[in-house]
Amino acid sequence: MVILKSLQEIEKIHKAGLIVADVLAGIRERVRPGISTLALDEFAEQFILAAGAKPAFKGYRGYPRTVCTSVNDQVIHGIPSKDIVLKSGDLLSIDVGAVVDGFFGDAAVTVPVGPVTAQAEQLMRVTEEALGRGITEARPGNRLYDISAAIQKHVELHGFSVVREFVGHGIGRNLHEDPQVPNFGERGRGPRIQAGMVLAIEPMVNAGKSRTVVQDDQWTAVTADGSLSAHFEHTVAVLEDGPRILTKR
């Protein structure tokens, strides 16, 4: 069941979303060759707690850390570790969630570690652009899969593929709510988008084929063909006059 939010509830989600935005900005500043993903996780946890919020991911379904750090062919849900040390040329996807007053914010970015290949640069650019195209469709009267179709079209236009096993989602008092928001689909289909919906829109894009495999840790999803992957996400409220990004300063 899709839960429509009041403007007051949207403001509470926005509060959590701004903390998420600040955490991502802080992690971005710290990303460099030689730093471990655990060090980034520890920074994020301290920042979230100091802001008066709680990490949304830590303990969620048994997840052990505060953020997800996915490197190169890791698509999502990579677990931070002192043994994973970033090196020049890596791509790092960072997914962060925070809870404030019982409401969740969720966002992700992919960043380069030092200079990266032209393909990696294009993959990041196209994925972020696809997110923007999806967000533009999040307005009352449209269909849910208008978001999906806009993302898929832009990604495939550039020769990349959208991940199909993982999707975006509604968000509010729970980290994951209805509806699911796929990154592929046919325009004009799906439930009608309504004012009051709050959606975590999150294209996950592979340089190669779309298929993913979950590793033995039961969390980390990687591309089946070993190709690079990128992930961008915003929490977005649907207002009467269109979308409003809640995880952006």
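The values are calculated or read from the model by the stated rules, or taken from the named source; none is laboratory data. Small disclaimer: the values here were computed from a predicted structure and weren't measured. A quick note on method: Cβ atoms are made from the backbone with ideal geometry, for glycine too, and the neighbour counts reach across all protein chains shown. All accessible areas refer to the heavy atoms of the entire protein, side chains included, with ligands and DNA or RNA removed. Shrake-Rupley method; radii C 1.70, N 1.55, O 1.52, S 1.80 Å.
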Using modelled backbone amide H atoms (1.01 Å from N, in-plane), which distant-in-sequence or interchain residues come within less than 5 Å of M204's amide H?
V163
For region 7-61, what log10 I(q)/I(0) values come out of the Debye formula at q = 0.21, 0.26, 0.27 1/Å, with one point per alpha carbon and no solvent?
-0.82, -1.07, -1.11
Under a 5 Å amide H to amide H cut-off, with H placed in plane at 1.01 Å, what residues pair with E177 once short-range neighbours are removed?
G170, I171
At A118 and A50, where each label point lies 7 Å from the Cα along Cα→Cβ, what is the point-to-point distance in nanometres?
4.2
Expected output is a single nm value to one decimal: the length gained when fully extending between L239 and E29, i.e. 0.36 nm times separation in residues minus the C-alpha distance. What is it?
72.4 nm
Separation between the R211 and S88 pseudo-spin-labels, each 7 Å from Cα along Cα→Cβ, expressed in nm?
3.6
Taking Cα pairs under 8 Å and at least six residues apart, what relative contact order does region 74-159 come out at, in percent?
21
Taking region 1-126, the whole-percent share of alpha-carbon pairs separated by over 21 angstrom is 40
Per residue Cα convex hull volume for region 130-241, in cubic angstrom?
93
Once phi is turned into θ = phi - 60°, what whole-Hz ³J(HN,Hα) does the Karplus curve with 6.51, -1.76 and 1.60 give for every residue of region 141-155, x standing for Gly and Pro?
x, 6, 9, 4, 6, 5, 4, 4, 5, 5, 5, 4, 4, 5, 5
In whole Å, how far is the Cα centre of region 171-249 from that of region 31-88?
19
Violations at 31 Å Cα threshold for listed pairs K87/K209; K5/K58; K15/K209 -> K15/K209
The simple spin-label model distance between D225 and R164, using points 7 Å out along Cα→Cβ, in nm, is 1.4
What's the magnitude of the charge dipole for region 1-84 around its Cα centre, counting Lys and Arg as +1 and Asp and Glu as -1 at the beta-carbon? Answer in Debye, nearest 20.
140
Backbone HN-Hα couplings from phi across region 123-134 [Karplus 6.51/-1.76/1.60, Hz, Gly and Pro as x]:
4, 4, 4, 5, 5, 5, 4, 4, 4, x, 5, x
Dipole of the chain, positive direction: furthest Cα of G26, G114, L4, with charges on the beta-carbon:
L4
Cα-based Rg / Dmax (Å) for the chain:
16.8, 48
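At a 1.4 Å probe radius, carbon and sulfur cover how many percent of the accessible area of the chain?
With neighbouring chains kept in place, the figure for the chain is 50 percent.
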Rolling a 1.4 angstrom probe over the protein heavy atoms, how many square angstrom per residue are accessible across the chain?
43
With θ set to phi - 60° and the Karplus curve 6.51 cos²θ - 1.76 cosθ + 1.60, what are the ³J(HN,Hα) couplings of region 58-63 in order, to the nearest whole Hz, using x for Gly and Pro?
5, x, 5, 6, x, 5
